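K.L.:
Shown below is the structure under consideration.
The values are calculated or read from the model by the stated rules, or taken from the named source; none is laboratory data. What you see is a predicted model; the values in this text were computed from it and never measured. As a convention, Cβ positions derive from the backbone with ideal geometry for all residues, glycine included, and neighbour counts pool all protein chains shown. For the accessible areas, the whole protein counts, side chains as well, though only heavy atoms, and no ligand, DNA or RNA atoms are used. Shrake-Rupley method; radii C 1.70, N 1.55, O 1.52, S 1.80 Å.
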Amino acid sequence: MGDMTNSDFYAKNQRNEGSHAGGFGCSLMDLRTLMELRGNDAIVKIQEDYGDVEGLCKRLKTSPTEGLAGVATDLDKRKETFGRNLIPPKKPKTFLQLVWEALQDVTLIILEIAAIISLGLSFYQPPGEGNEACGAAAGGVEDEGESEAGWIEGAAILLSVVCVVLVTAFNDWSKEKQFRGLQSRIEQEQKFQVVRGGQVIQLPVADIVVGDIAQVKYGDLLPADGILIQGNDLKIDESSLTGESDHVRKAPDRDPMLLSGTHVMEGSGRVLVTAVGVNSQTGIIFTLLGASGEEEEKKEKKGEAVENGQQTTDHSHPSSHPIATITTDGAAGAAGSASLVNGKMQDGNLENSQTKAVKKQDGAAAMEMQPLKSAEGGESDEKEKKKVNVSKKEKSVLQGKLTKLAVQIGKAGLVMSAITVIILVLYFCIDNFVVLKRPWLPECTPIYIQYFVKFFIIGVTVLVVAVPEGLPLAVTISLAYSVKKMMKDNNLVRHLDACETMGNATAICSDKTGTLTTNRMTAVQLYVADVHYKEIPDPSVLPPKTLEILINAISINSAYTTKILPPDKEGGLPKQVGNKTECGLLGLVLDLKRDYQPIRDQMPEEKLYKVYTFNSVRKSMSTVIKLPDGSFRMYSKGASEILLKKCSRILNETGEAKLFRPRDRDEMVKKVIEPMACDGLRTIGVAYRDFSASPEPDWENEADILTDLTGICVVGIEDPVRPEVPAAIQKCQRAGITVRMVTGDNINTARAIAIKCGIIHPGEDFLCIDGKEFNRRIRNEKGEVEQERIDKVWPKLRVLARSSPTDKHTLVKGIIDSTMVEQRQVVAVTGDGTNDGPALKKADVGFAMGIAGTDVAKEASDIILTDDNFSSIVKAVMWGRNVYDSISKFLQFQLTVNVVAVIVAFTGACITQDSPLKAVQMLWVNLIMDTFASLALATEPPTESLLMRKPYGRNKPLISSTMTKNILGHGVYQLVIIFTLLFVGENIFDIDSGRNAPLHAPPSEHYTIIFNTFVMMQLFNEINARKIHGERNVFNGIFRNPIFCTIVLGTFAVQIIIVQFGGKPFSCSPLDLDKWMWCVFLGVGELLWGQVISTIPNSRLKFLKGAGQLTEKDEVPEEEMNEDNEEIDHAERELRRGQILWFRGLNRIQTQIRVVNAFRSSLYEGLEKPDSRTSIHNFMTHPEFRIEDSQPHIPLIDDTDAEEDPTLRKNSSQPSSPNKNNNAIDSGINLTTDTSKSAASSSPGSPLHSLETSL
């Protein structure tokens, strides 16, 4: 974006101003100024300048009904004049930038410095014959040639550093490239409905141009700015731009302005596109961000904030591709346009380039964005904010465990290397100056320093080998590889760590429609005119009057975008477009030998008088039309039980309306609806009502309109179970994952389908309840959700029917927060509707449907199922477990090498004053075991056997006891071999000893054998590492992984070259075949020894408690605490608007009181007393009001439990989890514990309550 700053942007358009932009009746700037107006101002402006929207269409040369003609030249001209619908992405980091970043690694810097010093000293020739006096120190300099080779070691170290850096940079670069590829793939997938040449077509978002007529419907994320031409009950959530949480009603005569990046929450409509790409509202904000982001970047060349900032802008093309976001390694990728504005700007914690950018803008723009900070930031906002917030802080489970482990190992390595250096230096000094009583001669200083540098380099190599820098690399490679492969399995992963979390999943809450079923609705049963037909009847048997009303009711009262098209290929099923339930009903019209299209042509969409669109509250849809005589008729359809409750009459066998009493209804439910539902059918009721022309009814008063209906019929619609689902569910159950079905359908339908899928087996102990019953069980008398009550319900719950989105969210949250099982449950959720957003966000992994899903659902999700199929979820579980296992394999290998190399270098150095493995050799070993091994072991393909075990759970140690056994076992074998070779090797092979060689001595065969054997053992141990559960056959499936074979053979080849031709730089002298065979033989011993180790039972080895375990304390991640605050209903939000002022006032007073107290008592007492915090504790519970607590209280030990507030304990409706997050400790911000209700609704006992009442 930065490359399109405002100034040159305007310059481009100035050219076109004069000629009224390429022959169109209005210029880019006219449209831009128009789009900045809202509500009435906009209507006035349109009337003044263009007469009406039709006039604007004429000026833009487009037709409100037919759309653009779609001529290529015209489209290109429009793109030229008004811009394209995409926002130029930020330039990716160049390879050199990545190299520079890789060079920032501390150990590498230390090595570089050491190497440079070593180089400098090797060129220094001590003067004259003073050498003799320096004694043994200079003993090794036999001839000139050798001493001149002193520089080789330094140069070789530098060279190997260069190798490591290039490899790292290349990995980063290819990772970036992959993401960009994935990015464009997501972008291409997003399409939008546009009318061109009178035909409704799906266009990629980037191809939309100014003047297009777009059709918007429930669940869309608007791709460009536009003006509403005609709308039905359209409500828009504009919180992503304005921060106003209330849905805004849009109508051509009230507020016709639609802005890109906002969500359609209800209704449908047709829109004239007036601004795209950088000129749309979101685009303008982005351009501002980009422009000021650039300057900022120059200032802070380094700095995590900017890196993350770049990453965010990199990956999101706001207005054009709202779904395009991928988060790398926990850096917050902005979730589409919305969150970029929300998240980035609101988060106080994320003071990164974007936030600073806002401060720099000119007043107006800055003012525009100020409101974002306020509490009205709608639920979506809060969630976005949290999402951004969390993903910055929260590492995934695996990364948390790995970071911890790497730090532990690194510390150990540091200690070892320090001790090595100290011992070497002391030994040298004592030996030379104390035992041999040599004086320190000034001319010998350089030689002594050379020795010290050599010791230092040995120390650093110990450190280099000890620090497992391959760990992060292995995770990245493994995840990136999995993500790439998961694409083939129809999983589009948006957040990298989602695929690893999936491996730990213990519960899946799945939708029914489309996920478990095929989402091809067909009407199979019909109750009409008092007869229940088990299959669709011949139209001749129905009363003509009823038939006529029925056909009209279905054809008119459905979205006109829903159609049934002829099949793509001969003999296939007809293609269903649009809402699938409506397709089922239209199919019924066709089955009754009638056609819906003529009826629609007769009553086009513009003529519909009023439309009440379907939403999850109404659970019905109604359309009002004006009849020729001026009276009105309303057609309704909806869930049968709900619709029948509103009916007071029903059409009988002659087509006359007869009374329909509550007891008739109960009988009908028993005789018709339940039998249909028990066959697994979805039951839809169809009804109508006539209104007189005068007085015209009050259409806004829905309660009066939607009653007193006349029932027409009840249709049973079948949605068959996908054939592959029962097997997939069985796999899940075998793998220890509970599948629960959460659906909006009738309970009997749901139960029937659950049995067909195998979610429930007759005779088991399970619960099937509907939303009403669920809420009755989990809420207390006051209607608050109680965790203890949820805990009684969820373990047995298998089917939740007639559930609202809130129920879904409550269930997911309840399972996640539950403490009754020792492992925290990891929940995956599938969803497709806009209303599933909250549940998808709350879940550990949210799956959105790629085909049926709305944009809003996709944006809230972590993984998009491109084929909407449940069996793809099972694939995701398999890949997730595979990631975990790959990392474990790598760890097992890496740690063995680490342990051995460190011990060898350390003891060798202490006993022989010289490490048997030289610096350059160590670096080579480091390269094979870090980079190559991570590639080889992290790319193992998954096998079905991964699904035969239970999930690991969150606090299982990373290194299981089997792995510890393997690491120690192989470590012992390698150490025995190497020490044998080191101390008696010269006798076995009958060669010169390499021990105690002087400075710059030529490489010895002895040490070469040690090095070679060491590498051979690693190579064969790499094959052992392929299995981590103690399997016998380590070669199983080795040829399915070509990368592994290539790397093992490649390393072997390079090793031969190094030993035979490496010479001085690698401190190797060539070996003959005989010695080579011995080295390989000792290496193969690893495989045999591996069999011996796997024979020892784990039960014997009690001491092998796992390492790298996340203790209970670190276990509760920030996320769980933050998200408790998401359920805030509207009443509460109203309260919070006033409240925010309260908080500000209170903070101020609180701070003042604290200052006064601090002065009054001795300074620290006033600050440290936890009691002085109790009242503010409550105000701080809401994450927006976290302030850096001014007390010097940094919980270095997790002591939060002790000082948790007593008042909080009472109020929280779930045992509020004390803050157990490492980040709080690192940053020294005292995060106060969140309770699951926002502070406003705290119980009467709390101080806040009394304040509220005094208000």
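K.L.:
Listed here are the pairs Lys956/Lys1027; Lys250/Lys607; Lys569/Lys875; which of them are more than 21 Å apart at the Cα? Walk me through the numbers on the way to the answer.
P.N.:
Values: Lys956/Lys1027 18 Å; Lys250/Lys607 18 Å; Lys569/Lys875 30 Å.
Check vs 21 Å cut-off fails for Lys569/Lys875.
K.L.:
In nm, to one decimal, how far is the modelled label at Ser540 from the one at Glu764, with both set 7 Å along Cα→Cβ?
P.N.:
Taking the two extended label points, one gets 5.0 nm.
K.L.:
Let me ask you something else. Could you tell me the accessible area of Asp538 in Å² (1.4 Å probe, neighbours in place), rounded to the nearest ten?
P.N.:
Accessible area, nearest 10 Å²: 80 Å².
K.L.:
Another question about this same structure. State the extension gain, in nm to one decimal, for the chain segment bounded by Ile201 and Lys645, taking 0.36 nm per residue of separation less the distance between their alpha-carbons. Don't skip to the answer; put the middle values down first.
P.N.:
On the way: separation 444, 0.36 × 444 = 159.84 nm, distance 3.89 nm.
Answer, rounded to one decimal: 155.9 nm.
K.L.:
Counting DSSP beta bridges in region 740-860, what percent are antiparallel, to the nearest 5?
P.N.:
Details: 1 of 11 bridges.
Percent antiparallel among DSSP bridges in region 740-860 is about 10.
K.L.:
Same structure, new question: Which residue, chosen from Ser482, Thr506, Pro446, occupies the Cα position most advanced towards the positive end of the dipole of region 446-576, where the dipole is computed from +1 (Lys, Arg) and -1 (Asp, Glu) charges on Cβ about the Cα centre?
P.N.:
Result: Pro446, furthest along the dipole toward the positive end.
K.L.:
Given a Förster distance of 35 angstrom, what is the FRET efficiency for Asp698 paired with Arg38, based on the Cβ-Cβ distance and rounded to 0.05?
P.N.:
Values: r = 27 Å, r/R0 = 0.77.
The value I calculate is 0.85.
K.L.:
Order 798-804, 932-938 from most to least packed using the mean count of other Cβ atoms within 10 Å.
P.N.:
932-938, 798-804
K.L.:
Now for a different question. If you rank Phe1061, Phe95 by how much accessible surface each has, with a 1.4 Å probe, what is the order from largest down? Write out the running numbers ahead of the final one.
P.N.:
Numbers: Phe1061 165, Phe95 75 Å².
Accessible-area ranking of Phe1061, Phe95, largest first: Phe1061, Phe95.
K.L.:
Could you tell me which of Leu96, Ser63, Thr73 has its Cα farthest along the dipole of region 55-98 towards the positive end, charges placed at Cβ (Lys, Arg +1; Asp, Glu -1), taken about the Cα centre?
P.N.:
So the residue we want is Leu96.
K.L.:
Looking at this model, which pairs from Lys813/Lys858; Lys731/Lys756; Lys580/Lys619; Lys545/Lys645 are more than 18 angstrom apart at the alpha-carbon?
P.N.:
Working: Lys813/Lys858 20 Å; Lys731/Lys756 15 Å; Lys580/Lys619 15 Å; Lys545/Lys645 24 Å.
In this structure, Lys813/Lys858; Lys545/Lys645 lie more than 18 Å apart at Cα.
K.L.:
About the Cα centre, and with charges only on the beta carbon of Lys, Arg (+1) and Asp, Glu (-1), how big is the dipole of region 498-617? Nearest 20 debye, please. Don't skip to the answer; put the middle values down first.
P.N.:
Working: 13 positive and 14 negative charges, 17 e Å.
Charge dipole of region 498-617: 80 debye, to the nearest 20.
K.L.:
Hey, what's region 741-785 come to in accessible area per residue, 1.4 Å probe, Å²?
P.N.:
Numbers: 2130 Å² over 45 residues.
Computed with neighbouring chains in place, this is 47 Å² per residue.
K.L.:
Now a separate question. Sorted by packing (mean other beta-carbon atoms within 10 Å per residue), highest first, where do 419-425, 569-575 land?
P.N.:
For the peptides 419-425, 569-575, the packing ranking is 419-425, 569-575.
K.L.:
Report the full-extension gain for the segment Val976 to Ala155: residue separation times 0.36 nm, less the Cα-Cα distance, to one decimal in nm.
P.N.:
292.3 nm
K.L.:
For region 795-893, rounded, prolate or oblate, judged on the Cα gyration tensor with a ≥ b ≥ c (square roots of eigenvalues), a/c < 1.5 rounded, else prolate if a/b > b/c? Please report the intermediate quantities before stating the final value.
P.N.:
Details: a/c = 2.27, a/b = 1.30, b/c = 1.74.
Taking the square roots of the gyration eigenvalues as a ≥ b ≥ c, region 795-893 is oblate.
K.L.:
Once the dipole of region 967-1060 is set up with Lys and Arg at +1 and Asp and Glu at -1 on Cβ about the Cα centre, which of Ile1047, Val976, Val1059 lies farthest towards its positive end?
P.N.:
Ranked along the dipole, the leading option is Ile1047.
K.L.:
Now for a separate question. At a Förster distance of 60 Å, what's the computed FRET efficiency of Asp431 paired with Glu788, Cβ-Cβ distance as r, to 0.05? List each step's numbers first, then the result.
P.N.:
Working: r = 72 Å, r/R0 = 1.20.
Efficiency, from the Cβ-Cβ distance: 0.25.
K.L.:
How many angstrom separate the Cα center of region 187-229 from the Cα center of region 85-120?
P.N.:
Here the two parts' Cα centres lie 44 Å apart.
K.L.:
Hey, another quick one. Label region 161-243 by shape, choosing from rounded, prolate and oblate, from the square roots a ≥ b ≥ c of the eigenvalues of the Cα gyration tensor; if a/c is under 1.5 it is rounded, and otherwise prolate applies when a/b is larger than b/c, oblate when it is not.
P.N.:
On the way: a/c = 4.34, a/b = 2.44, b/c = 1.78.
Judged from the Cα gyration tensor, region 161-243 comes out prolate (a/c at least 1.5, a/b above b/c).
K.L.:
Sticking with this one: From the Cα gyration tensor of region 798-839, with a ≥ b ≥ c the square roots of its eigenvalues, which class applies: rounded if a/c is under 1.5, or else prolate if a/b is larger than b/c, or else oblate?
P.N.:
Values: a/c = 2.41, a/b = 1.90, b/c = 1.27.
Because a/c hits 1.5 or more and a/b exceeds b/c, region 798-839 counts as prolate.
K.L.:
Could you give the size of the charge dipole of region 947-1086 about its Cα centre, using +1 on the Cβ of each K and R and -1 on the Cβ of each D and E, expressed in debye and rounded to the nearest 20? All intermediate terms of the calculation are to be shown ahead of the outcome.
P.N.:
Numbers: 12 positive and 9 negative charges, 243 e Å.
For region 947-1086, the charge dipole is close to 1160 debye.
K.L.:
Largest first, how would Trp1089, Trp440, Trp924 line up by accessible area (1.4 Å probe)? Can you show the working numbers first?
P.N.:
Details: Trp1089 90, Trp440 125, Trp924 25 Å².
Sorted by accessible area, descending: Trp440, Trp1089, Trp924.
K.L.:
Shifting gears a bit: Could you sort the peptides 850-859, 201-210, 908-917 by per-residue average Cβ neighbour count (10 Å cutoff), highest mean leading?
P.N.:
Details: 850-859: 23.7, 201-210: 19.5, 908-917: 21.3.
For the peptides 850-859, 201-210, 908-917, the packing ranking is 850-859, 908-917, 201-210.
K.L.:
Related question: Could you tell me which trypsin sites (Lys or Arg not before Pro) in region 899-961 are loop residues by DSSP with no more than 12 other beta carbons within 10 angstrom of their beta carbon?
P.N.:
Details: sites: Lys918, Arg949, Arg954; in loops: Lys918, Arg949, Arg954.
Loop-located and lightly packed - Arg949.
K.L.:
Per-residue accessible area for Glu656 at 1.4 Å probe radius, Å² rounded to 10?
P.N.:
Spelled out: Glu656, probe radius 1.4 Å, area about 90 Å².
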